[in-house]
Amino acid sequence: MPCDRKPMRYGHSEGHTEVCFDESGKFLVTGGNDGDVRIWDGLDDDDPKFITVGEKVYSLALKNGKLVTASSNNTVQIHTFPDGEPDGILTRFTTNATHVAFNGSGSRVAAGSSDFMVKVVEVSDSSQQKTLRGHEAPVLSVTFDPKDDFLASASCDGSVVVWNIEEQSQLIRWPLLQKTNDVSNAPSLCRLAWQPAAAEFLAVPVETKVHLYERGSWNHVSTLSDDLLTQLVNVVVWSPCGRFLAAGGVGGSLTVWDVSSKLCVERQKHEKGFTVCGLAWSPSGSQLAYTDTEGCLGLLDGLGSSGSSSGTTRAKKAAKDFDDLFDDDDDRPMDEGLSDGHSPGKKPHEDDEDEDDFHVPATGRARNRGAILDDENSLDAGSVTLSRDKYDVADGGAVLPAAAAPAPPLRPAYEGPLPTAPQKAFQPGSTPAHLTHRFMMWNSVGIIRGYNDEEDNAVDVEFHDTAVHHAMHLTNSLGHTMADLSQEAVLLACPGTDELASKLQCLHFSSWDTNKEWMVDLPPGEDVRALCLGRRWAAVATSALMLRLFSIGGVQREMFSLPGNVVSMVTHGEQLLIVYHRAPGFDGDQALGVQLLQVGRRPKQLIHGEPLPLSPRTHLAWLGFSAEGTPCYVDSDGVVRMLNRSLGNTWTPVCNTRETCKSKSDHYWVVGIHENPQQLRCIPCKGSRYPPTLPRPAVAILPFKLPLCQTSTEKGLMEEQYWRSVLFHNHFSFLSSSGYEVDEEQQTRSQKEQQELLMKMFALSCKLEREFRCVELAELMTQNVVTLAVRYAARSRRMALAQRLSELALEKANQMQEEEPEEEEEEPESSAGRRPSGSEVTGRRHSNRRHQEEEEEEEEPVEELREEEEDEREEEETSKCSAGGNPFVKETGSPGTPSVTPIGKVGRANPFKVLGSGKPSSSPAHRATSILDNMASGRKSSPLAGSVGKPNKGPVLKPLAPRPKTKTQSTLLQMTSLKKKTTREVSQPAAEQQKQPEAPPPAPPPASPADNAENTRPKTGFQLWLEENRKSISADQPDLEETDVIKEAMGRFRTLTAEERLSWTERAKGQTGDDLKKRKRGGGDGGGGDGGGGDGQAEADENSAKKKKSLDPSAKLSAFAFNKN
């Protein structure tokens, strides 16, 4: 029984769906979870008539021009057919009716309900009802005896009951099914079916088989089964002739048996494996319609059943004519499938039956000419020959089963994966085209609605921001079905017809001239499949596997061929994302490919036809870009995936909308994605996949969540937050490399967030004694955060971990040293801009110039690390002098290698900045201090939260925490050694050199010692530094209060080298290089200055002795933690 499986089409929203034919076989009638009954004039009807009967349709039946439906309002309604006019209510229940069925004459209707009752109602007079009580759970299905004496019903109580209608009593009860408490929880619907003509058998689906019970005796006489049927049978239905029985299963299986021979004559599989919940034979018996739980409708065509003797005669004549062509070729392999008894020169007789068996292959499927000669003539004759193989036709025309009938000799059976029907092209942000009121486009710019009903055929364009353009109402005389909307234009397209070509129409409303509209006809036979609008250009994909580019003004541009039929296409700026079929899919999967191109002055291909990953047995539901320009898409399972540019252009799942749905029939219709803030904008659709056009649906916001393992634990939660932050901030590097401006403040905030999460995970791993994991986390940190990790490890008494982290820090420093020459080659201009003056630094606070400043700061720690390796003694002296400083940094105090730092940049000096991919992060010193402050606030006993002046019980490294103001001043005054005098001679000319060309800042420093002497209250070096760098601190963190600004400034000032702090102190005193003699004499410009200098010198001597004692443990631990040996 060769048949043709038609592609399935969308019929109703997701949920239980019923189907039946009208008596003529012309119309298909379906009812679904959306409450509509649709009347289809064939499977290809794109505009079916529909009748709304309630919120949901549970069952329907059609007979004698009467359409009966069981809806969600606890009623059984009747409508006229095909007009669809309401004709009253047949009966009511206390809860939903679950199944309805007509008797053979159409005079009665049986209805089962969830209130355990079955009612039999007269159609002509609904007051005449019979109620059958006895089930102990909701009723699953009902069916009439063709002779109208009995009625069979199945229930969730696990029983199948046969009733005597007139006596309203039970005749027999079979406990065959699994017990459940509701129809929605039943593993099978158990739709019973009574043989139509002979009324001999009642078919009952039981698990993976179908039991046949004889009418009258009610004995179990036969069982229909199939080895390939592994899942539950859901529904069974008889062919009109009563010869064949079709069954639909939970796993999407479609099986047809010949009841007389108990053989399976047809096997089909749902293209996506969804559960088949509705079956209906056409009155002619040549078609079998089926529906699934996703609301889709399918059709098997060509199911020929030669039930009449005339048909058998015609089949015999066709077979004889076919065999006459091969009389001379009976011995050839082509004739292997025919037995000797069926050859033209012999008559069939019983003795030949044994010989027939030798011609049957081991698989049990006989070979035949129809399988070998698969042309138009052999197809029919082959199928006729098969029917002769299975049945001998007696003289009286009766069909007798053959004694040794093998498996049905159809075409060679293929039991592997079945190909999937390819997904049709669609516009992202649009609803199906067969709807009369639909969304043609919903994107970040606006909404395009299409109306196609009896009153109007128009297109409405509405903008989210009315400043872009006012709303528009366009007549749709050309029948446009596709649309796109941008800040510049509206693009519309219509398919071609036999008379007219496919047209592309553009409304360029942002044009400055008066003629704002243009139209293009595509070549004959070429239809628009997808379209989109980019920045000053438009793209159109056609049925000829072509992609055509147009300028926004209508000029034809480049064109190229696509590797397969387009599925969807979107743009963002200059990016063009195309998804197409790269190969046939199997077992419900779609094999899609994706291309990402950059269309502009420098066209290039970013993704070269890579496969697009989808969830198993799903299709593409939405395609688009995030607001920041990252490609994203959603499959029919609700999984949202985003392109990860930093991981080789791979796709990462970032959300699953199904996790937030309350019901299986609920969905989210995605309209947009934002990375900053992290938002998934979508419309909740209750009981359907698509929202209604009116009233305007509300947009909901869903959060993102990476599907990492064990996100309920603290460790898994922080890991998910970290990697989600990394993924959702990749667009910063892409935008900057593409020439766009980047919000540096937001980028800094994201980097700070990531480093804080790493530090929290590091602390958690330390607490769990996972030191190897600590090192793995440290590899992801920046260098200045690694120093904090070293101190945390030392404070936690984990010296082995601190040693390994220090080695890791040295490796990062060496990597930075190796990358610097490469960066100098790539940016030769940056070396020319080194050592800028103070005025230049003040004027350059943006983009690339800021990167050059930070690259300049990176050279100093590398030189210091080299000197550190050469002279370890000097390192120990330096660590004693630089109290609380970074233990990595060595003071360069020798006259031979002076370290000069521009005054305008000392506030942002970062001695351990690591260049990440050649792009330094901003405000590193602030980030390190903030992370440390966060750690301190969470732990009361942590030394990080305390003052540095407090004595430490153990050898711990001192952090960069802010000190009290008096401590800072006393530290700046304790410079008395000979080495520090040498440092003054080196740093003082540098200060003068930078003061000369420097533009006057908002708080100008003293220009000369004389000016400084005139001040009544001499300023300290820190105050002077704060006045010049206050603007930089306020710009980096505008939300800080005055006290927080001072704390932040103290933290930054402490990161400066001793020479730089000394130079600021001397500038505050008003000293220059010519004042060295006066300093030796201890003199000043006035007597007050002398007194002040003497007091400061005495205080410095006293504090210096105390400081050396308190710093001894820290210095020793610093030398241990960073000792190379």
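Could you please report the charge total around E769, scoring K, R as +1 and D, E as -1 over all other residues with beta-carbon less than 13 angstrom from its beta-carbon?
+4
For the ranges 109-115, 280-286, 248-254, 119-125, what's the packing order if you count other beta-carbon atoms within 10 Å of each residue, average per peptide, and put the highest first?
Working: 109-115: 24.6, 280-286: 18.1, 248-254: 22.3, 119-125: 16.4.
Highest mean packing first, the order is 109-115, 248-254, 280-286, 119-125.
Indicate the gyration tensor shape class of segment 468-580 (rounded, prolate or oblate), computed on the Cα atoms with a ≥ b ≥ c the square roots of the eigenvalues: a/c under 1.5 is rounded; otherwise a/b larger than b/c is prolate and the rest oblate.
Verdict is oblate for segment 468-580.
Please list, ordered by chain and number, the residues whose modelled amide H lies under 5 Å from the amide H of G15; skip anything fewer than 5 residues away on the same chain.
Answer set, sorted by chain and number: E294, G295.
Listed highest first by mean packing, meaning other Cβ atoms within 10 Å per residue, what order do 1052-1065, 459-472, 622-635 come in? Walk me through the numbers on the way to the answer.
Details: 1052-1065: 23.9, 459-472: 14.6, 622-635: 22.2.
Descending packing order for the listed peptides: 1052-1065, 622-635, 459-472.
List the residues, sorted by chain then number, that are 5 or more residues from G496 or on another chain and whose placed amide H is less than 5 Å from its amide H.
S502, V528
Write out the GluC sites (Glu not before Pro) in segment 470-572 meeting two conditions: DSSP loop, and at most 16 other Cβ atoms within 10 Å of their Cβ. Can you show the working numbers first?
Numbers: sites: E488, E499, E517, E526, E558; in loops: E488, E499, E526.
Counting only loop positions with at most 16 other Cβ atoms within 10 Å, the GluC sites (Glu not before Pro) in segment 470-572 are E499.
Ignoring any ligand, DNA or RNA, what whole percent of the accessible area of segment 469-551 comes from carbon and sulfur when the probe is 1.4 angstrom? Walk me through the intermediate numbers first.
Working: 2040 of 3800 Å².
After summing per-atom areas, the C and S share lands at 54 percent.
If you count only protein heavy atoms with a 1.4 Å probe, what accessible area per residue comes out for segment 476-555, rounded to a whole Å²?
43 Å²
The values are calculated or read from the model by the stated rules, or taken from the named source; none is laboratory data. Everything quoted here is computed from the prediction, not taken from an experiment. Glycine also receives a Cβ, built like all others from the backbone with ideal geometry; neighbour counts cover every protein chain displayed. Accessible surface areas use protein heavy atoms only, side chains included; no ligands, DNA or RNA. Shrake-Rupley method; radii C 1.70, N 1.55, O 1.52, S 1.80 Å.
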